[in-house]
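Dropping the structure in here first, questions after.
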């Protein structure tokens, strides 16, 4: 399987390429007053507002400090039986790697619901991020208000 590798601090994580919609350069985001600390803001994506999560903050670290290899990773997030775009702000996107399915295993500790299996690779240990598990029910309700139906 192909994964997009990112760093959170010094640790390596991967997102399955098949789960991703787009990878964009870091862009200016609309800040949301009173939002939880892990919400980086809202991206204007071709006129569509897309909530963006700060991956480092979500993992309990310091906020992302945008740099040359920072990216916003867009994917379809399951909400109320449908799909909505959600963005992840990642400070250091390091590339694409092939991880054999046979190399994946359970790490034995479930520190966060969005952290999945681990694999030892030539570049070191890598843990998968499960995008569908990123948000709690409360965070989903905050970021994805019901869409109005046109009359």
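Answer yes or no as to whether residue 52 is modelled with pLDDT of 95 or more, surrounded by 12 or more Cβ atoms within 10 Å (Cβ to Cβ) and not in a helix (DSSP H, G or I). Outline the logic, then answer.
Values: modelled with pLDDT of 95 or more: yes; surrounded by 12 or more Cβ atoms within 10 Å (Cβ to Cβ): yes; not in a helix (DSSP H, G or I): yes.
Yes: the conditions hold for residue 52.
Follow-up. Give 18, 27, 90 a once-over and let me know the one that is in contact with a strand residue (DSSP E or B) (Cβ under 9 Å, 6 or more places away or on another chain), within 30 Å of residue 146 (Cβ to Cβ) and free of Cβ contacts under 8 Å to residues at least 24 places away in the same chain. Walk me through how you get there before you give the answer.
Numbers: 27 fails: free of Cβ contacts under 8 Å to residues at least 24 places away in the same chain; 90 fails: free of Cβ contacts under 8 Å to residues at least 24 places away in the same chain.
It is 18.
Between a first residue in the range 44-57 that is on the phi < 0 side of the Ramachandran plot and in contact (Cβ under 8 Å) with a residue 24 or more places away in the chain and a second residue that is surrounded by 11 or more Cβ atoms within 10 Å (Cβ to Cβ) and in a helix (DSSP H, G or I), which pairs have beta carbons less than 7 Å apart while being 6 or more apart in sequence or on different chains?
51/143
Could you please let me know if residue 111 is modelled with pLDDT under 90, more than 30 Å from residue 142 (Cα to Cα) and not in a strand (DSSP E or B)? Before the answer, list the steps.
Numbers: modelled with pLDDT under 90: yes; more than 30 Å from residue 142 (Cα to Cα): no; not in a strand (DSSP E or B): yes.
Answer is no for this residue.
Could you tell me whether the range 18-40 includes any residue that is in a helix (DSSP H, G or I), at negative phi and either loosely packed, with under 15 Cβ neighbours inside 10 Å or in contact with a helix residue (DSSP H, G or I) (Cβ under 6 Å, 6 or more places away or on another chain) (or both)?
Keep residues of the range 18-40 that are in a helix (DSSP H, G or I), which gives 18-19.
Among the residues that remain, those that are also at negative phi are: 18-19.
From what's left, either loosely packed, with under 15 Cβ neighbours inside 10 Å or in contact with a helix residue (DSSP H, G or I) (Cβ under 6 Å, 6 or more places away or on another chain) (or both): 18-19.
Yes, the range 18-40 contains at least one residue that is in a helix (DSSP H, G or I), at negative phi and either loosely packed, with under 15 Cβ neighbours inside 10 Å or in contact with a helix residue (DSSP H, G or I) (Cβ under 6 Å, 6 or more places away or on another chain) (or both).
Taking into account only those residues within the range 1-17 that are at pLDDT 90 or above and crowded, with 19+ Cβ neighbours inside 10 Å, which is nearest to the chain's Cα centre (by Cα)?
This residue is 15.
Could you list, in sequence order, all residues of the range 67-86 that are in contact with a helix residue (DSSP H, G or I) (Cβ under 6 Å, 6 or more places away or on another chain) and outside any strand (DSSP E or B)?
Across the range 67-86, there are no qualifying residues.
Still on this model: What residue, of 89, 142, is in a helix (DSSP H, G or I) and under 27 Å from residue 41 (Cβ atoms)? Full working, then the answer.
Working: 89 fails: in a helix (DSSP H, G or I).
Of the residues listed, the single one that is in a helix (DSSP H, G or I) and under 27 Å from residue 41 (Cβ atoms) is 142.
May I pose another question? Exactly one of these conditions fails for residue 59: (1) modelled with pLDDT under 90; (2) out of contact with any helix residue (DSSP H, G or I) (no Cβ under 8 Å at 6 or more places or on another chain); (3) within 18 Å of residue 4 (Cα to Cα); (4) surrounded by fewer than 17 Cβ atoms within 10 Å (Cβ to Cβ). Give me its number.
The failed condition is (4).
Go through the range 120-151 and report how many residues are more than 28 Å from residue 48 (Cβ to Cβ), surrounded by 13 or more Cβ atoms within 10 Å (Cβ to Cβ) and modelled with pLDDT under 90.
Narrowing the range 120-151 to residues more than 28 Å from residue 48 (Cβ to Cβ): 120-127.
In the following step, the residues that additionally are surrounded by 13 or more Cβ atoms within 10 Å (Cβ to Cβ) were identified as 121, 126-127.
Among the residues that remain, those that are also modelled with pLDDT under 90 are: 121.
Total satisfying the criteria: 1.
The values are calculated or read from the model by the stated rules, or taken from the named source; none is laboratory data. Keep in mind the model is a prediction, meaning the values are calculated, not measured. All Cβ positions, glycine included, derive from the backbone under ideal geometry; neighbour counts span all protein chains shown.
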